[in-house]
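See below for the structure under consideration.
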Amino acid sequence: NPVIEASRAVTDRVRGVLGFFFNETESATALRQIRDTIDPGFSLEAFIRECREFIIPEILDAYLHSDAETLKTWCSEASYNVLTAIFTAQIQQGVISDCKILDLRHVEFHSARVLENDVPVIVVTFQTQENNVFRNKKTGEIVQGSEEVIEACHYVSIFTKVPENADDPVTNGWKMIDLAKQASRTTW
């Protein structure tokens, strides 16, 4: 019937146009998946506040002080292996970190997505001002960096919530699966 076929064609076009405007974004899909399948009480605002006040400072401090135990608590196996390999190599060379995070700011939600293995992740960006100094473990002499130089650094981190660890009193199930320094520049 030509009338029915024409009305279906019009209906399909309208549905296509409206679908373009009303389809869920990739970020919304990932955040909804966290709420629907992992944590019904999840709030993005509360998570970002927790990142700013607790999670990111805890991870950065553990990394700077070669605290493998704390990193194991917060990091996925892959990110743990990368971060600990870096400071393990420094320790083997007789170098210790005397780096300090002087300021942490602009902790912000960047995006969310569902990975190919159906794992929802949240991408968080942040900035630090840091003093990067490495010392000879035996003598305490500076072997890299300077106490007078402050760097502004931009980071990207990726988090996921592991359902099996949701009752963990420290992490509430959050794991960092990646941390990357995007850029740094000397500010002083």
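The values are calculated or read from the model by the stated rules, or taken from the named source; none is laboratory data. Predicted model only: the values in this text are computed from it and were never measured. Neighbour counts run over all protein chains shown; Cβ positions are idealised from the backbone, glycine included. Side chains are part of the model used for accessible areas, which takes the heavy atoms of the whole protein and leaves out ligands, DNA and RNA. Shrake-Rupley method; radii C 1.70, N 1.55, O 1.52, S 1.80 Å.
The table below lists the values:
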{"read-out": "Pair-distance profile P(r), taking every C-alpha pair of segment 27-102, with 5 angstrom steps and integer %", "value": "3, 14, 19, 17, 18, 12, 8, 6, 4, 1"}
{"read-out": "Around Val133: net Lys/Arg minus Asp/Glu count, Cβ-Cβ under 14 Å", "value": "-3"}
{"read-out": "Probe 1.4 Å - accessible area at Ile158, Å² to nearest ten", "value": "40"}
{"read-out": "For Asn165, net neighbour charge (Lys/Arg +1, Asp/Glu -1) across residues whose Cβ lies under 14 Å away", "value": "-2"}
{"read-out": "Computed E for Leu102/Ile38 - FRET, C-beta separation, R0 41 angstrom, nearest 0.05", "value": "0.75"}
{"read-out": "Solvent accessible area, Å² - Arg49, 1.4 Å probe, full protein context", "value": "110"}
{"read-out": "Helical contribution to [θ] at 222 nm, DSSP H n ≥ 4, -39,500 (n - 2.57), averaged over the chain, rounded to 500", "value": "-11000 deg cm²/dmol"}
{"read-out": "Portion, in percent, of the accessible area of the chain that falls on carbon or sulfur, probe 1.4 Å", "value": "52"}
{"read-out": "Heavy-atom surface of the chain, accessible at 1.4 Å and reported per residue (Å²)", "value": "61"}
{"read-out": "Charge dipole magnitude, Cβ of K and R +1, D and E -1 - segment 58-115, Cα centre, debye nearest 20", "value": "180"}
{"read-out": "Length-normalised contact order for the chain - Cα pairs under 8 Å, 6+ apart - percent", "value": "19"}
{"read-out": "Value of D in µm² per second that Stokes-Einstein yields for segment 59-121, Kirkwood Rh from Cα pairs, at 37 °C (0.692 mPa s)", "value": "239"}
{"read-out": "Of Gln90, Cys75, Gly173, farthest towards positive along the dipole that unit charges on Lys, Arg, Asp, Glu beta carbons give segment 55-188", "value": "Gln90"}
{"read-out": "Neighbourhood net charge (11 Å Cβ-Cβ; Lys/Arg +1, Asp/Glu -1) for Lys175", "value": "-2"}
